[in-house]
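For reference, the structure discussed in these notes is given below.
The values are calculated or read from the model by the stated rules, or taken from the named source; none is laboratory data. Source: prediction; values computed, not measured. All Cβ positions, even for glycine, are placed from backbone atoms using ideal geometry, and neighbour counts span all protein chains on display. Ligands, DNA and RNA are excluded from the accessible area calculation, which covers all protein heavy atoms including side chains. Shrake-Rupley method; radii C 1.70, N 1.55, O 1.52, S 1.80 Å.
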Amino acid sequence: MAIFNTDKALDMSCTEQELRRWVHMIAKLFPMISEQASHADFEVQGGTARIAWKALPDRVIALVRLKRLEVTLAFSDGVAADARAYFSKQFQMHTLRGGG
């Protein structure tokens, strides 16, 4: 069993359904090893990357309620810093929402 070290913890305003869609988009770049109820594992150079999530209380702004998830990116021992950075950047680019 691989030991995962958390690299990033993100507070994301999204539903689990949206996150799962993004996870499947990432799987086009990094082969998905497994998908469970609260995480998905991917093959990366040197080991495994894990995207894990858990529900947080809704963010409430006046009458608006936004779903939130705590999303962590974790990596098994042996995944080099550059491979971690590349996976993290790809995840963030796939989940980036426009604004302005």
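According to the calculation over all Cα-Cα pairs in the chain, the P(r) per 5 Å bin from zero is 2, 12, 24, 25, 17, 10, 5, 3, 1, 0 %. Atom-type composition of the exposed protein surface of the chain places 54 percent of the accessible area on carbon and sulfur (1.4 angstrom probe). When the chain is treated as a GNM with alpha-carbon contacts under 10 Å, the residue of 51, 33, 61 showing the greatest mean-square fluctuation is 61.
Using a probe of 1.4 Å on the protein chains alone, the accessible area found for residue 13 is around 40 Å².
Other residues lying with their Cβ under 11 Å from the Cβ of residue 84 contribute a combined charge of 0, Lys and Arg counting +1, Asp and Glu -1. Amide hydrogen proximity for residue 48: with H placed 1.01 Å from N in the peptide plane, the residues at 5 or more positions away or on another chain lying under 5 Å are 76.
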